Amino acid sequence: MSDNDRVDFGSSDLALPDEIRGPLLQHLADLKERYLKRGWGARVGFGRKPALIVIDLAWYWTRPDCQIGTQADSVVEAACKVLAAAREAGIPIFFTSFAYDPADPPSPQNRKLVMDLSPEQAHLFDLDDRLQQRPTEKLIRKRYASAFKGTNLHEMLTSLGVDTLIVTGLSTSHCVYATCRDATDSFRVIVPREAVGERCEIMHLVNLLDIDIDLGDVTPVDEVVASIRRLAEK
């Protein structure tokens, strides 16, 4: 077991114990092979017209001192690498954050996570400055986990002729997964491995495997960047 097998993001109190990390990673690798033998987990690949979405890389999630924030520097850096390639290639770019409104009526989900926020803290849902969002890059304020639910993201993508959605951001088990789930019926889904993350290590690993088997291609960031550049050259 080497240090390279550890994720370099997340919350220390939600990390895997060292003694089970190696066996778990091996078990997940074995599971993937068994699914492949059953015909699951084939590659969807890039289409001709990709778009990039950066999910919830706002201060409330990228600051470890926030209630559900975490150490996410490496995820932000990897997302910025994909962003740079997308900007150079001129592909559509979208960001999401939470549509915080203290006047919203409560939902049953509020019983699962009681957000410890005041109206004065609404700025925490502003995007992390490191993303350097441009005026031409759409910010979608969403109420739900999926970037598609209750928004016009699907309409915007189809109006642009997009056939491939590159999904980055936080968190793997929640908003990233939900967005991939809703995207997969209409778009090819590509997830740059290092550009998604999760506060809880085991939740990240299990959901990333599920995405790779059933919803899209989990691919190293460098390969995603290379694919974006090749499409730009055509």
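The values are calculated or read from the model by the stated rules, or taken from the named source; none is laboratory data. Remember, predicted model here, so these are calculated numbers, not experimental data. Note: ideal-geometry Cβ built from the backbone for every residue, glycine included; neighbour counts use all protein chains shown.
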Within segment 20-41, residues more than 29 Å from residue 163 (Cα to Cα), surrounded by 13 or more Cβ atoms within 10 Å (Cβ to Cβ) and of a type outside the set (Lys, Arg) come out as 22, 24, 25, 28, 31
Can you find, within segment 109-122, the residue that is surrounded by the most Cβ atoms within 10 Å (Cβ to Cβ) among those that are of a type outside the set (S, T, N, Q) and either touching a residue at least 40 places away in the same chain (Cβ under 8 Å) or not in a helix (DSSP H, G or I) (or both)? 117
Selected residue [basic (Lys, Arg) and not in a loop (DSSP other than H, G, I, E, B)] from 134, 141: 141
Applying the selection to segment 44-78, what residues are touching a strand residue (DSSP E or B) at 6+ places or on another chain (Cβ under 8 Å) and of a type in the set (Asp, Glu)? 56
Which numbered condition trips up residue 28, out of (1) assigned to a helix (DSSP H, G or I); (2) farther than 20 Å from residue 176 by Cα? (2)
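Yes/no per residue for (1) in contact with a Leu (Cβ under 6 Å, 6 or more places away or on another chain); (2) crowded, with 19+ Cβ neighbours inside 10 Å; (3) not acidic (Asp, Glu):
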residue: 154; (1), (2), (3): no, no, yes
residue: 199; (1), (2), (3): yes, yes, yes
residue: 211; (1), (2), (3): no, yes, yes
residue: 216; (1), (2), (3): no, yes, yes
Checking the conditions here, which among 111, 134 is farther than 20 Å from residue 57 by Cα, among the charged types (D, E, K, R) and over 17 Å from the mean Cα position of the chain (by Cα)? 111
Going through segment 67-100 one residue at a time, which ones are aliphatic (A, V, I, L, M), under 15 Å from residue 172 (Cβ atoms) and part of a loop (DSSP other than H, G, I, E, B)? 68, 72
Evaluate segment 206-220: report whether one residue or more is at pLDDT 95 or above, under 22 Å from residue 80 (Cβ atoms), small (Gly, Ala, Ser) and assigned to a helix (DSSP H, G or I). no
Residues that are surrounded by 15 or more Cβ atoms within 10 Å (Cβ to Cβ) and part of a helix (DSSP H, G or I): does segment 42-60 have at least one? yes
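Would you confirm, using the coordinates I've provided, whether residue 87 is basic (Lys, Arg) and either crowded, with 17+ Cβ neighbours inside 10 Å or in contact with a Gly (Cβ under 7 Å, 6 or more places away or on another chain) (or both)? It would help to see each step written out before you state the result.
On the way: basic (Lys, Arg): yes; either crowded, with 17+ Cβ neighbours inside 10 Å or in contact with a Gly (Cβ under 7 Å, 6 or more places away or on another chain) (or both): no.
Spelling it out, it is not the case that residue 87 is basic (Lys, Arg) and either crowded, with 17+ Cβ neighbours inside 10 Å or in contact with a Gly (Cβ under 7 Å, 6 or more places away or on another chain) (or both).
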Scan segment 101-108 and tell me whether some residue there is in a helix (DSSP H, G or I) and under 21 Å from residue 173 (Cβ atoms). yes
